[in-house]
Every structure is written in structure tokens, then in C-alpha cells.
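The values are calculated or read from the model by the stated rules, or taken from the named source; none is laboratory data. Since this is a predicted model, take the numbers as computed values, not measurements. Reconstructed Cβ throughout: ideal geometry from the backbone, glycine too, with neighbour counts over all protein chains shown.
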Amino acid sequence: MDRAATGGVRWMLRAEGAALLLAACVLYGVTGASWWIFAVAFLAPDLSMLGYLAGPRPGALVYNAAHATAGPLLLGLAGVLAAPALLPAALIWLAHIGFDRALGYGLKYASGFRATHLGPIGQS
């Protein structure tokens with residue numbers, strides 16, 4: 001059985017997602033990077049849903065890899081330490097993750113696309 005956050009914990013996680021979205025957008029603005037690029041790239045992590053063409057288990061793995069904060073945090077660190085051009089991409093990626101979490105789209109369980117750590121998609 002898939003477990004999901006409920007009640008106040010679920011709302012706290014969604015609020016945390018909104019805070020991540022806001023912080024990433026503010027920091028993106030500070031970089032001076034183009035908002036057109038932000039708009040075009042914002043939904044790019046959702047291409048990971050194509051992993052579901054191989055089935056629910058590989059789909060969840062690919063989707064979760066693209067929707068976990070570790071990837072963009074490491075990319076952002078690389079941007080700060082070595083390649084500043086990477087920082088805007090990391091912030092767009094973090095903003096996308098925050099947006100998804102704020103809407104209740106969590107990391108996926110292998111049982112199916114609708115089963116997430118924030119509860120089934122479609123339930124508020």
C-alpha cells in the first residue's frame with residue numbers, strides 16, 4: 001500500500017513547495033536571465049513523464065529523478081562554483097518542482113502515475 005502525507009503535513013509540504021517556487025523565481029530574477037527562457041523551459045521536467053511509456057516502475061523512477069530537488073541543487077552549486085550559466089537552469093528546475101508540489105503533484109510511487117507522496121493526484 002502506498003503511503004501519502006495527509007492533513008496538516010500535506011498542507012505543510014504544499015506550502016513548502018510554494019515557498020520553493022517563490023524563492024527560485026526571486027533568485028532567477030536576480031540573475032538577470034531572460035524570462036522568455038524561463039517560460040519556455042519551465043515545463044521541461046515534465047518530459048520525464050515519457051518514462052511511463054516503459055511502464056509504471058521505470059516511469060516513476062525517471063519522473064522522480066527529474067522532480068527531486070537534489071538534481072537542481074547540485075546543478076545550482078555547479079553554477080555558483082564553476083559555471084554561472086548553469087544557475088538560471090537550476091532555478092527554473094527548482095521553480096518547476098516547487099510549482100508541482102504546491103499544486104499537490106508529489107513524487108510518484110511505482111504503483112501508478114496518480115499515486116504520489118502527497119496523495120492521489122486529483123485530491124486536494
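Does segment 13-34 contain at least one residue that is under 18 Å from the mean Cα position of the chain (by Cα), at pLDDT below 95 and over 11 Å from I92 (Cα atoms)?
yes
A110: modelled with pLDDT of 95 or more and among the aliphatic types (A, V, I, L, M), yes or no?
No.
So which of P45, P72, P58, P88 is loosely packed, with under 14 Cβ neighbours inside 10 Å and of a type outside the set (A, V, I, L, M)?
Answer to the check: P58.
As an exercise: evaluate A19 against (1) closer than 19 Å to P120 by Cα; (2) surrounded by fewer than 18 Cβ atoms within 10 Å (Cβ to Cβ); (3) not basic (K, R) and give the number of the one condition it does not meet.
Among (1) closer than 19 Å to P120 by Cα; (2) surrounded by fewer than 18 Cβ atoms within 10 Å (Cβ to Cβ); (3) not basic (K, R), A19 violates only (1).
When you check A5 against the structure, is it within 18 Å of I121 (Cα to Cα) and touching a Lys or Arg at 6+ places or on another chain (Cβ under 6 Å), yes or no?
no
Which helices (runs of 4 or more DSSP H) sit wholly inside segment 15-124 and have at least 1 residues that are closer than 27 Å to A5 by Cα?
Where helices (runs of 4 or more DSSP H) fall fully within segment 15-124 and carry at least 1 residues being closer than 27 Å to A5 by Cα, they are 56-67, 70-81, 86-103.
Can you confirm whether G104 is buried (at least 17 other Cβ atoms within 10 Å of the Cβ) and on the phi > 0 side of the Ramachandran plot?
The answer is yes for G104.
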